[in-house]
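Student: First, the structure itself, so that you have it in front of you.
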């Protein structure tokens, strides 16, 4: 059977399950430049005003360098949440050096109504109500509001559009000084996860020619004796957790060498972008539709906290 699932791992990749649209996998702190992707089917929200995403100028790519961002406060967050991640981007294509925010999906006008996530088969769901207060002037251009996976409503003083493929909200007037949102997290029992099949979505299997043969071979070696797609994702995650070191001082790939190959076979140290980019490259090589997402690490179950620039974060997601 085909279920939409986000499978997620936090910090040095401690597995956590969020379910419903894509399976998030692997996570670790480091500087991330935002980006966009994925493809859960969501009903239309609002009426009309559909704009092709490629007509909107959003610099939301994710870089694979390990540059450290300053400890600058960005947001205050009010409201307890069970999530450890604020999503602000999701990527589709990898060009050999950057994961690109890119989608052919139309943007849907959002009129403030409720969104019903396309999620079935869950055993439990947890609702979070969050208020975000900006601490910086983010400008007046197009930008994406940091929210969690499966937002079901947003209260914003500026007009918004919804990116259903990415589960993200877009403002053409910059980030508002304050906004609030409600999101839902889904939990699934192990049998449901083991029985889930991957979505037939070739755009999330794209890999450029720069991905080396030994990277593709490593993916086959890791997953060769594994049965279910979910177990394949777990096997790739476990391999990365057990064989590589999280290190802010890791050296970036030299000119002319593909960054995932450098991380996997030579440096063997890196930050969240390296771990999660490698996960997506290996997962796509194994036939698992997946993407790299960016945002911010947050503390779960804390009623008030400040998010800093150097808490930028990356995760990977696989679609079931």
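Student: Filter region 119-145 down to residues that are over 21 Å from the mean Cα position of the chain (by Cα) and in a strand (DSSP E or B) and give me whichever is surrounded by the most Cβ atoms within 10 Å (Cβ to Cβ).
Tutor: Ranking the qualifying residues of region 119-145, first place goes to 134.
The rows are residues; the columns are (1) outside any strand (DSSP E or B); (2) at pLDDT 50 or above; (3) surrounded by 18 or more Cβ atoms within 10 Å (Cβ to Cβ).
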position: 32; (1), (2), (3): yes, no, yes
position: 39; (1), (2), (3): yes, no, yes
position: 57; (1), (2), (3): yes, no, no
position: 88; (1), (2), (3): no, yes, yes
position: 107; (1), (2), (3): no, yes, yes
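Student: Could you please find all residues in region 146-155 being assigned to a strand (DSSP E or B) and either under 14 Å from the mean Cα position of the chain (by Cα) or without any contact (Cβ under 8 Å) to a residue 40 or more places away in the chain (or both)?
Tutor: Scanning region 146-155 gives 147, 151, 152.
The values are calculated or read from the model by the stated rules, or taken from the named source; none is laboratory data. Just so we're clear, the structure is a prediction, and the values are computed from it rather than from any experiment. No Cβ is skipped: glycine too gets one built from the backbone with ideal geometry, and neighbour counts run over all protein chains shown.
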